[in-house]
Amino acid sequence: MIADLVTEMRGIVDDAIDDDDVNGYFAAMYLGVTTAVEQGLSAGMFATPDRLSKLTIAFAGRYLDALKLHRRGLQPTRSWHVAFEAAQTWRPTVLQHLLLGMNAHINLDLGVACAEVAPGPAIVELEPGFMQINHVLAGLVQSVQDRLNQVSPLYRFVDDIGGSADRAIVNFSIARARDEAWRFANVLAPLDDAAARQRIADQDVAVARLAHRVLRPGAIASTGLLAVRLTERRSRSKIIGILSSTP
């Protein structure tokens, strides 16, 4: 159930606050996304609630599984490995940590989850629900921006974390990632298990490559990001609390 998922994620966020763990940044933001989906399902906002519930659980499960592997000292997908390893270093900004998580989760995990929930020709029937989830994600963009503004005053110069200003900084677009996820899902859905595993592995390599560009976007952008990093709040726990606050 989605409620159980929200409870598990809230526990991850609470633990991250206690441990002062940078990995809590993405978990805090994702908690907000999952909570919004849960509220939408409860309010009857979605045309196919059962299918959307299955997709949400499968989608979140890939993140939770990756996090558990990392905590056990095992390597998850390359995409998540880059994101988790970045949490061990000082330089990345809060925005970069969020983008690394979204990169792995949307560009890789979302397409895989869609193909698992709706394999073969059923993928066509999933499209309306997928687009509704897109609207939920898009609706939370400004909320995340408002919270980032509380982390550093320089984030006010980034008008929209999914917009052109952000792409100029880190060459990443949330809208583009969602489009790629749907394209990837349609590639995966008709494949047999062996072919799907190979295609997922290939996608993971490409997504990990993009993660490295998020971390090292070039000299000029890196200088700007360093300025942001120097003005961010010092307390990781307080940042996690800000990112997980109710919008």
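A few remarks follow.
- As a rough footprinting exposure proxy, the listed residues V6, V112 were ranked by other beta carbons within 10 Å of their own, and the order from fewest upward is V6, V112.
- Taking the Cα centre of segment 2-243 as origin and assigning +1 to Lys and Arg Cβ atoms and -1 to Asp and Glu Cβ atoms, the resulting dipole is close to 800 debye.
- Against the main long axis of the alpha-carbon atoms of the chain, helix 24-42 sits at an angle near 40°.
- Selected from L5, V141, V37, residue furthest toward positive end of dipole (segment 2-243; charges at beta carbon): V141
- Among the trypsin sites (Lys or Arg not before Pro) found in segment 16-118, those both in a DSSP coil and sparsely packed, with 15 or fewer other Cβ atoms within 10 Å of their Cβ, are R72.
- Average Cα contact separation per residue, segment 28-112, under 8 Å, 6 or more apart, as relative contact order %: 25
- Highest-MSF residue in the chain out of F157, F46, F59 [GNM, Cα springs under 10 Å]: F157
- Counting neighbouring Cβ atoms within 10 Å and putting the fewest first, the residues W80, W90, W182 line up as W90, W182, W80.
- Cα-Cα pairs of the chain separated by more than 28 Å (percent): 28
Values in this text are rule-based calculations from the coordinates and carry no lab data. Quick caveat: nothing in here was measured; it's all calculated off a predicted structure. Every residue, glycine among them, receives a Cβ derived from its backbone with ideal geometry; neighbour counts consider all protein chains shown.
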